[in-house]
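Chemist: Just passing along the structure, written as structure tokens.
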Amino acid sequence: MIRALFDSFRDLLPIILVIAFFQIIVLQQPFPNPNDVLIGLIAVIFGLALFIQGLNLSLFPVGEGVAEAFAKKGSVFWIVVFAFALGFGTTVAEPALIAVAGEAAEARITSGMLENTASAKNAYANGLRYVVAVSVGLALVVGVLRIIKGWAIHKIIIAGYITILVLTQFAPREIIGIAYDSGGVTTSTITVPLVTALGIGLSTVIKGRNPMIDGFGLIAFASLFPIAFVLLYGMVM
């Protein structure tokens with residue numbers, strides 16, 4: 001645990017130095033509530049250390065273990081179902097996505113494009129959340145099939161971004177920024193470890209696959225697919 005705390009402090013040191021430099025040297029102002037800042041910093045160090053320990057002890061082994069078990073069982077159907085459920089479940093409750101969806105609904109109301117009622121706001125925000133969650137689930141399905149079938153990742157990525165560029169030309173202007181932001185908020189602190197573990201676990205067990213070559217790339221799909229789906233959502237809604 002001491003080692004983990006030291007590693008956390010080392011990882012946080014650059015941002016600590018940057019903030020301290022601009023606060024003290026550039027702005028020439030003392031830190032507001034220095035005691036609270038110090039307590040918060042210590043809490044962040046401990047929290048980051050515990051989070052990393054938790055990933056190593058639970059999420060990574062569980063993700064790899066489940067992927068290996070499904071691969072050894074030889075059931076592509078259940079691997080695909082698990083991948084979709086994992087992507088959907090971890091995304092639909094993502095706080096960053098909830099925040100973005102809520103702000104998008106508010107902006108739509110402000111611009112007069114949505115009725116200013118709680119039900120209309122919730123319906124639009126929830127619709128956006130579920131569209132993104134479904135798209136991440138489908139992204140993981142494609143990523144898992146890529147590992148199983150040995151498809152080239154760059155061809156899928158290129159095709160995906162070409163599709164996004166085409167959709168951007170036809171989508172309403174007010175949805176474009178939301179769509180591109182939705183691709184970023186899907187990669188949360190829970191989704192990334194589990195999805196990475198899933199890819200590595202599958203590529204380790206499946207014959208002819210290299211974890212370094214085939215085990216990564218699922219996160220790219222999880223960021224790519226929501227952009228296209230939200231653009232389509234904006235065109236339909």
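The values are calculated or read from the model by the stated rules, or taken from the named source; none is laboratory data. These numbers come from a predicted model, not from an experiment. Accessible surface is based on the protein model in full, side chains and every heavy atom, while ligands, DNA and RNA are left aside. Shrake-Rupley method; radii C 1.70, N 1.55, O 1.52, S 1.80 Å.
Chemist: Among G215, G137, G40, which one shows the biggest mean-square fluctuation in a GNM of the chain, springs joining Cα atoms closer than 10 Å?
Modeler: G40
Chemist: Counting heavy atoms of the protein chains only and a 1.4 Å probe, report the per residue accessible area for the chain as a whole number of Å². Don't skip to the answer; put the middle values down first.
Modeler: Details: 13010 Å² over 237 residues.
Here the per-residue accessible area is 55 Å².
Chemist: Assuming 0.36 nm per residue, please report the length gained on full extension of the stretch E106 to L50 beyond their Cα-Cα distance.
Modeler: Net length gain for the segment: 16.6 nm.
Chemist: Taking θ as phi - 60°, what are the ³J(HN,Hα) couplings along region 48-53 by the Karplus curve (6.51, -1.76, 1.60), each to the nearest whole Hz, with x for Gly and Pro?
Modeler: Whole-Hz 3J(HN,Hα) from phi for region 48-53: 5, 4, 5, 5, 5, 4.
Chemist: A further question on this structure: Students often forget the sequence filter, so: which lysines lie under 30 Å Cα-Cα from K73 once same-chain residues fewer than 8 apart are removed?
Modeler: K149, K155, K207
Chemist: Just tell me which aspartates and glutamates come within less than 13 Å, Cα to Cα, of K72; anything on the same chain fewer than 8 places away is out.
Modeler: By straight Cα distance, K72 reaches E64.
Chemist: Can you report the principal axis dimensions of region 101-227 using only the alpha carbons, biggest first, rounded to whole angstrom?
Modeler: Rounded to whole Å, the extents work out to 56, 30, 17 Å.
Chemist: Sticking with this one: What part of the accessible area of the chain, given as a whole %, is carbon or sulfur when the probe is 1.4 angstrom?
Modeler: Of all accessible area on the chain, carbon and sulfur atoms account for 70 percent.
Chemist: Sticking with this one: Tell me, how many Å apart are the Cα centres for region 116-137 and for region 164-198?
Modeler: Answer, in whole Å: 14.
Chemist: Which option, [x] -0.50; [y] -0.85; [z] -0.73, is the value of log10 I(q)/I(0) by the Debye sum over Cα atoms at q = 0.11 Å⁻¹ that was calculated from these coordinates?
Modeler: Computing log10 I(q)/I(0) by the Debye sum over Cα atoms at q = 0.11 Å⁻¹ and matching it to [x] -0.50; [y] -0.85; [z] -0.73 gives [z].
Chemist: Sticking with this one: Please check: in the Gaussian network model of the chain (C-alpha springs, under 10 Å), which one of R129, R108, R146 has the largest mean-square fluctuation.
Modeler: Checking each option, the largest mean-square fluctuation is seen for R108.
Chemist: When the chain is treated as a GNM, springs tying every alpha-carbon pair under 10 Å, which of I16, I147, I176 comes out with the largest mean-square fluctuation?
Modeler: Its mean-square fluctuation being the largest, the pick is I16.
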